[in-house]
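Undergrad: Shown below is the structure under consideration.
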Amino acid sequence: MNDKSHESFPPGFPQRRMRRMRRHEFLRRLTKESHLAVDDLIWPVFVCEGEGVRIAVPSMPGVTRFSIDVLVDEVSKAHALGIQAVALFPVTPSEKKTEDGAEALNPSNLMCRAVRRLRDACPDLGVIGDVALDPYTTHGQDGLVHDGYVVNDRSVTVLCAQAVLQAQAGCQVVAPSDMMDGRIGAIRRALDEAGYLDVAVLSYAAKYASAFYGPFRDAVGSTSSLGPSDKKTYQMQPENTEEALREADLDVQEGADMLLIKPGMPYLDVLHRVKKNTGLPTYAYQVSGEYAMLRAASDKGWLRWNEVLLESLMSFKRAGADGVLTYAAVEAARLLREAG
Ligand code: PBG
């Protein structure tokens, strides 16, 4: 039985009542334009040295750095929940950091060992390697520094070797997060020459010089290395969108298989336009500062975590993303499974 409305209807009132379609849960479900699924989630994880080690990241409550053995357990559980891929970031011990970040090219570095163990333990899981030098350099920059400037072409040569090494270790996807010019094409060629024709390149196509990366730099220990320096001579300025479209176009021409926009929520317009323009699989990175904001406010009781988490992730899907990198991937996967 339908209730009749008790409201009165002034003449000339609009015929089209938008609220009609919001009246019942079933109609709200039938009219959903965007969908968020466990398949959309990529989990960025921090790996550290040691055995049985779990070290919390204070500026990211709920996020933990894992030694390889713990990582394998935790990632296997995440995979069982339906998470399809992880993006790995190494916490390099400070004694292994150098001016030139040579540890990045050590075939038995933390990253490569972690990749091999993960591929052994979960053969179907996607393992995405981070291609950039910042976890390995004493100055915390993503490339090589010459006379105080991050040089492009010499950095690209090292990044190519790093990408090939990660492919050798087992990454099915390599993700250059460095923003050097021409690196997508150079990495593609290097992978092909080394025989890794099927290793995909996920380009951080538009990565902004953002203050939202702070907690990540704490997590990988590059905050103190970087000191008061910034990355403005290679990461994009927050004012620009047209430039992001040109960056994405170049990466497509150079052979990128997938694109990524970073940060996420403050740059939804960029995500939307890049996806529309290129049609390539495009991902949003809900970065450390975005996670920290939602988490801190929730921990204070000012926001409801479960709801703001899912709403923030949905915003990426609505803007056109094919998927999202989020530190809350495991929690989101649980919530999505509970919701059915
Ligand atoms: C650097 C890199 C950064 C992040 C991922 N890779 C930070 C930076 O540019 O300093 C940030 C991720 C986050 O904040 O969650 N290659």
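Undergrad: From Arg318, Arg273, Arg334, which residue is buried (at least 19 other Cβ atoms within 10 Å of the Cβ) and part of a helix (DSSP H, G or I)?
TA: Selected residue: Arg273, the only one of Arg318, Arg273, Arg334 that is buried (at least 19 other Cβ atoms within 10 Å of the Cβ) and part of a helix (DSSP H, G or I).
Undergrad: Could you give me the residue pairs with C-beta distances under 6 Å whose first residue belongs to the stretch 314-340 and is over 18 Å from Tyr283 (Cβ atoms), whose second residue is of a type outside the set (A, V, I, L, M) and away from the ligand (no atom under 16 Å from the Cβ) wherever it lies, and which are 6+ apart or on separate chains?
TA: Partner pairs satisfying both residue conditions: Leu335/Asn306.
Undergrad: Any chance you could count how many residues in the stretch 131-150 are among the charged types (D, E, K, R) and crowded, with 23+ Cβ neighbours inside 10 Å?
TA: 2
Undergrad: Right, another one. Could you identify the single residue in Asp269, Asp218, Asp178, Asp192 that is away from the ligand (no atom under 16 Å from the Cβ) and within 26 Å of Val127 (Cα to Cα)?
TA: Asp192
Undergrad: While we're on this one: Which condition breaks for Gly289 when tested against (1) crowded, with 18+ Cβ neighbours inside 10 Å; (2) modelled with pLDDT under 95?
TA: Condition (2) is where Gly289 drops out.
Undergrad: When Gly148 is evaluated against the numbered criteria (1) more than 15 Å from the ligand (Cβ to nearest atom); (2) modelled with pLDDT of 95 or more, which criterion, by number, is the only one it fails?
TA: Status for Gly148: all satisfied but (2).
Undergrad: Give Asp39, Asp124, Asp120 a once-over and let me know the one that is in a helix (DSSP H, G or I), in contact (Cβ under 8 Å) with a residue 24 or more places away in the chain and not hydroxyl-bearing (Ser, Thr, Tyr).
TA: Going through Asp39, Asp124, Asp120 in turn, the sole match is Asp39.
Undergrad: Which residues, counting only those in the stretch 151-175, are crowded, with 21+ Cβ neighbours inside 10 Å, more than 14 Å from the ligand (Cβ to nearest atom) and either at positive phi or not in a helix (DSSP H, G or I) (or both)?
TA: Cys171
Residue by residue, here is whether (1) in contact with an Asp or Glu (Cβ under 9 Å, 6 or more places away or on another chain); (2) farther than 22 Å from Gly50 by Cα holds:
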residue	(1), (2)
Ala80	no, yes
Asn106	no, no
Arg113	no, no
Val127	no, no
Tyr149	no, yes
Ile184	yes, yes
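The values are calculated or read from the model by the stated rules, or taken from the named source; none is laboratory data. Just so it is clear, the structure is predicted and the values come from calculations on it, not from any experiment. Virtual Cβ from ideal backbone geometry, glycine too; neighbours counted across all protein chains shown.
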